[in-house]
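Trainee: I'd like to ask you about the structure that follows.
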Amino acid sequence: GKAEGKGQYRFFDPAQSNILKTRTQLRQRLLEAIDKRQFVLHYQPRVDTRTGELLSMEALLRWEHPQLGMIRPDEFIPLAESSGLIVPIGAIVIDQACAQLAAWRAHGAVPVPVSINVSPKQFLRGSVQRELEDALARHAVPAGLLEVEITESAMMGDQAEILAELAAIRALGVKLHVDDFGTGYSSLSQLQRMKMDVLKVDRSFTAELGRSREGTVFFQAIVSMAHALGMEVVAEGVENEEQLQILRALKCNEVQGYFVARPLPAAGIAPLLEQRYLF
Ligand code: C2E
Ligand code: CA
Ligand code: CA
Ligand code: CA
């Protein structure tokens, strides 16, 4: 891919150290991380499948520990969720994304929408809608620049509270994305009822493109269904040119993945906002 060798960050390798092994240790260090503001967002571009135009990007959380280095979200989100710390961490994510959008606007860049990942636990333990509304107002950012990603599996099981809050968020003008689509079991009627704006197809399905006929047929069916329901489609984890070509033929709207760009710190995104076309 184009971005290979560039913008790659070395992550903390848990196999090299037992420092975060116990729940108590990890929880203690997460509390410190919240207190000492050790969380940063990196941003991964999503581009128009046909033209390569930068259309939006995903905010991905990184924990920059002064001794351990950069820690992947998969290492700490599960404990953050089970311990409730995802609520203050989620609030930091919302605030940082809005602050960054405001900074890009202040520097004269024409910013593109940023999507943030929201855990279902945040809905059950706090008010995401109120936090979003407050942060948008605090940073004077239009709601149309912020988007929310929620995994397909999190929307299942008819959690009335989550559904009601998603509707309230959408009423603010914040678009909703179904994340990791294809890995859960949502039905067509559920998707339609919930009025989601964008389907993000899980990267395991992107990986099948060009490998098997079934993989391509399956992807094609998702795209047709999403378009019929008025949703846009993003392919996650696009890693090579062949996948991109197939996604063009399938009329998938946007692509995201290492082939286009890796997640980058805000400073690495500024030149891309100028460049605008990434391929
Ligand atoms: P996700 O939401 O599915 O995010 C996409 C993940 O795929 C990211 O991993 C991204 O770096 C990676 N990725 C992007 N392009 C490619 C590609 O071409 N190939 C491959 N192999 N991987 C690619 P990351 O940043 O490690 O995040 C992992 C997960 O952590 C995310 O999966 C999301 O579920 C969770 N996460 C990240 N940030 C947040 C956050 O702020 N809040 C919450 N609750 N969860 C978050
Ligand atoms: Ca996501
Ligand atoms: Ca995903
Ligand atoms: Ca995921």
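The values are calculated or read from the model by the stated rules, or taken from the named source; none is laboratory data. For clarity, every value in this text was computed on a predicted model and none was experimentally measured. Here Cβ is always computed from backbone atoms with ideal geometry, including for glycine, and neighbour counts include all displayed protein chains. These area figures cover heavy atoms from the full protein model, side chains too; ligands, DNA and RNA do not enter into them. Shrake-Rupley method; radii C 1.70, N 1.55, O 1.52, S 1.80 Å.
Trainee: Looking at (1) open to solvent by 60 Å² or more (accessible area, probe 1.4 Å); (2) out of contact with any Phe, Trp or Tyr (no Cβ under 9 Å at 6 or more places or on another chain), find the lone condition where residue 153 falls short.
Mentor: Answer for residue 153: the failing condition is (2).
Trainee: Anything in segment 199-248 that is among the charged types (D, E, K, R) and either part of a helix (DSSP H, G or I) or surrounded by 15 or more Cβ atoms within 10 Å (Cβ to Cβ) (or both)? List them, or say none.
Mentor: 200, 202, 203, 208, 213, 214, 232, 236, 239, 241, 242, 248
Trainee: Only residues in segment 141-168 that are within 18 Å of residue 117 (Cβ to Cβ) and among the β-branched types (Val, Ile, Thr) count as the first member; pair them with residues that are within 16 Å of ligand 2 (Cβ to nearest atom) and open to solvent by 40 Å² or more (accessible area, probe 1.4 Å), Cβ under 6 angstrom, at least 6 apart or cross-chain, and list the lot.
Mentor: Going by the 6 Å Cβ cut-off, the qualifying pairs are 151/180.
Trainee: Cβ-Cβ under 7 Å, sequence separation 6+ or interchain: first residue in segment 30-47 and within 15 Å of residue 273 (Cβ to Cβ) and within 16 Å of ligand 3 (Cβ to nearest atom), partner small (Gly, Ala, Ser) and not in a helix (DSSP H, G or I). Which pairs?
Mentor: Final answer for the pair search is 43/59; 44/261; 45/261; 46/56.
Trainee: Six or more apart or on different chains, Cβ under 7 Å: which pairs go from a residue in segment 210-227 that's closer than 14 Å to residue 243 by Cβ to one that's open to solvent by 10 Å² or more (accessible area, probe 1.4 Å) and of a type in the set (Val, Ile, Thr)? Could you list them?
Mentor: 210/246; 216/246
Trainee: Separate question: Quick check: anything in segment 116-124 hydroxyl-bearing (Ser, Thr, Tyr), farther than 27 Å from residue 277 by Cα and assigned to a helix (DSSP H, G or I)?
Mentor: Within segment 116-124, none of the residues are hydroxyl-bearing (Ser, Thr, Tyr), farther than 27 Å from residue 277 by Cα and assigned to a helix (DSSP H, G or I).
Trainee: Can you name the number of the only condition in (1) open to solvent by 30 Å² or more (accessible area, probe 1.4 Å); (2) out of contact with any helix residue (DSSP H, G or I) (no Cβ under 7 Å at 6 or more places or on another chain) that residue 88 fails?
Mentor: Only one criterion in (1) open to solvent by 30 Å² or more (accessible area, probe 1.4 Å); (2) out of contact with any helix residue (DSSP H, G or I) (no Cβ under 7 Å at 6 or more places or on another chain) is unmet by residue 88, namely (2).
Trainee: Next question. Those residues that are open to solvent by 10 Å² or more (accessible area, probe 1.4 Å), in contact with a Lys or Arg (Cβ under 9 Å, 6 or more places away or on another chain) and either within 17 Å of residue 175 (Cα to Cα) or within 16 Å of ligand 2 (Cβ to nearest atom) (or both), I need them from segment 110-140; list them, please.
Mentor: Result: 111, 113.
Trainee: Which one of these is more than 16 Å from ligand 4 (Cβ to nearest atom) and modelled with pLDDT under 95: 124, 145?
Mentor: 124
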